[in-house]
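> Structure incoming, see below.
FYI, it's all coordinate maths here, none of it is from the lab. Being a predicted model, the structure only gives us computed values, none of them experimental. Here the Cβ is made from the backbone with ideal geometry for all residues, glycine too, and neighbour counts use every protein chain on show.
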Amino acid sequence: MSKPVEFHHGKFPPKELDWPKLIPLIGPANAALARCDGTLEGVPNPNVLLSPLATQEAVLSSKIEGTVTSITEVLEFEAAMKALDRSPEKVADIQEVINYRKALHEAVTGMKSLPLCQRIIKNAHQTLLEGVRGRDKAPGSYRRLQNWIGPPGCKQEEARYIPIAADKLPEGMSAWERYIHADAPDRLVQLAVLHAEFEALHPFLDGNGRIGRMFVPLFMFNARLLSRPTFYISAFFERNRDEYYERLLAVSRDGAWTEWIVFFLKALQAQAEDNQKKAQAILRLYERKKAWITESTRSRFAIHALDFLFRRPVFEASDFTSQRSIPRPSALRILKLLKDKGLFLTVRESSGRRPGVLAFRELLEIVEGHETH
């Protein structure tokens, strides 16, 4: 049996990188990121149109850690605000996704008055584990015990990786924080190094992977690489999960910083291109449906109805008809007309006093990656 890989003391930040391997990837990654950000900047009312993408990122980042749910299940849960017909395990999975999205939002809010720092990260971690399975794992606090990564229930000597010792952790996190604000030859390379170091330090008893991936858009926003902290990296890491973990492990085992950064830059470029396609597809869908819903309903409340559907693509029918922006008689008429025209999937039939749950199928298909043309 091979010995566990141990933390790479004294090797952060890396003193030497193979820049000839990195430079051909830096330009395309930065260009793809700039194009993606330009598209997102041009989206009217991004809080409405891009909110489903934020939820999907939370779903995929949590999925890497073993959480099993879908964006439709999360949005249905939020729409109904009840745990009907769901196991406690499923409810826990959904709540973890909701917490992820909330933690990211609170981190962005915190950065209005604070630089990107350990305090922001600790606060995000506290929110991430609030009321879920990791709530007994010191939310918002660095670990005071040695942890390790390996098969469930394994002993330390059977682990795959052993992070920094708890007594060395404050020093390690301080060095990590200083590097956030250090001058660097390239910000994306700097981000790659920071992400790998955070995962290697593994400062919390639970939630390290999710916080580490959440750090990606926070850093980009802080470094002004993005005009909004809306970059969704987890889809690439989830598709390439084995390589993702192996590249991170090789940093400590082999000092393979350059190889990790190559992987990370390719991830950024691929995901920026995918994010841009999704944002463009959402915008095209909005423009198509704006003309269609205005013509179909002939109502001055048509755009209010459309904005509701993009903001809440899974919803209880009663929420649509009780929204303040549309008088109830008009909302009832619009909803019936849209249902009759086949705009929705029925997630849950109405039964007695329990309203039905409907889903805006075309938007969910784009967000889930089924249609990005």
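> Could you give each residue of the range 263-277 its phi-based ³J(HN,Hα) in whole Hz, using Karplus coefficients 6.51, -1.76, 1.60 with θ = phi - 60°, and x for Gly or Pro?
Result, rounded to whole Hz: 4, 5, 5, 5, 4, 4, 5, 4, 6, 4, 5, 5, 4, 5, 4.
> Quick one: 3J(HN,Hα) in Hz for the range 294-306, Karplus 6.51/-1.76/1.60 with θ = phi - 60°, rounded, Gly and Pro as x.
5, 5, 6, 8, 6, 10, 6, 9, 4, 5, 4, 5, 5
> When only Cα pairs under 8 Å and 6 or more residues apart are kept, what is the percent relative contact order across the chain? Provide the component values of the computation, followed by the final result.
Numbers: 481 pairs, mean separation 89.7, N = 373.
In percent, rounded to a whole number, it is 24.
> Tell me which trypsin sites (Lys or Arg not before Pro) from the range 56-137 have a DSSP coil assignment and no more than 16 other beta carbons within 10 Å of their own. Kindly include the intermediate steps, with their values, before the conclusion.
On the way: sites: K63, K82, R86, K90, R101, K102, K112, R119, K122, R133, R135, K137; in loops: K82, R86, K112, R133, R135, K137.
Counting only loop positions with at most 16 other Cβ atoms within 10 Å, the trypsin sites (Lys or Arg not before Pro) in the range 56-137 are K82, K112, R133, R135, K137.
> State to the nearest 20 debye the size of the charge dipole of the chain about its Cα centre, where the only charges are +1 on K and R beta carbons and -1 on D and E beta carbons. Let's see the in-between values first.
Details: 53 positive and 46 negative charges, 284 e Å.
Its charge dipole is roughly 1360 debye.
> Still on this structure: Of (i) -0.63, -0.82, -0.92, -1.31; (ii) -0.50, -0.73, -0.86, -1.40; (iii) -0.45, -0.68, -0.81, -1.33, which is the value of log10 I(q)/I(0) by the Debye sum over Cα atoms at q = 0.08, 0.10, 0.11, 0.15 Å⁻¹ derived from the coordinates here?
The listed entry that was calculated here is (iii).
> Right, another one. Any idea which of F215, A159, T346 is furthest toward the positive side of the dipole for the chain, if Lys and Arg beta-carbons carry +1 and Asp and Glu beta-carbons -1?
Positive-most Cα among the choices belongs to T346.
> Please check: in the Gaussian network model of the chain (C-alpha springs, under 10 Å), which one of E157, E362, E243 has the largest mean-square fluctuation.
E157
> Just to be sure I understand: with springs between alpha-carbon atoms less than 10 Å apart, which residue in I211, I282, I293 has the highest mean-square fluctuation in the Gaussian network model of the chain?
Among I211, I282, I293, the largest mean-square fluctuation in the Gaussian network model of the chain belongs to I293.
> Still on this structure, I have one more. Which one of L265, N45, L33 has its Cα pushed farthest toward the positive end of the charge dipole of the range 5-275, where Lys and Arg give +1 and Asp and Glu give -1 at the Cβ?
After comparing all options, I get N45.
> What does the helix-only formula give at 222 nm for the chain: each DSSP H stretch with n ≥ 4 adding -39500 (n - 2.57), the total divided by the residues, and the result rounded to the nearest 500 deg cm²/dmol? Before the final figure, lay out the partial values.
Numbers: 16 runs with 223 residues, N = 373.
It comes out at -19500 deg cm²/dmol, rounded to the nearest 500.
> Karplus couplings for the range 142-156 from phi (6.51 cos²θ - 1.76 cosθ + 1.60, θ = phi - 60°), rounded to Hz, Gly and Pro as x?
Each residue's phi maps through the Karplus curve to give 5, 5, 10, 10, 6, 10, 7, 10, x, x, x, x, 6, 7, 4 Hz.
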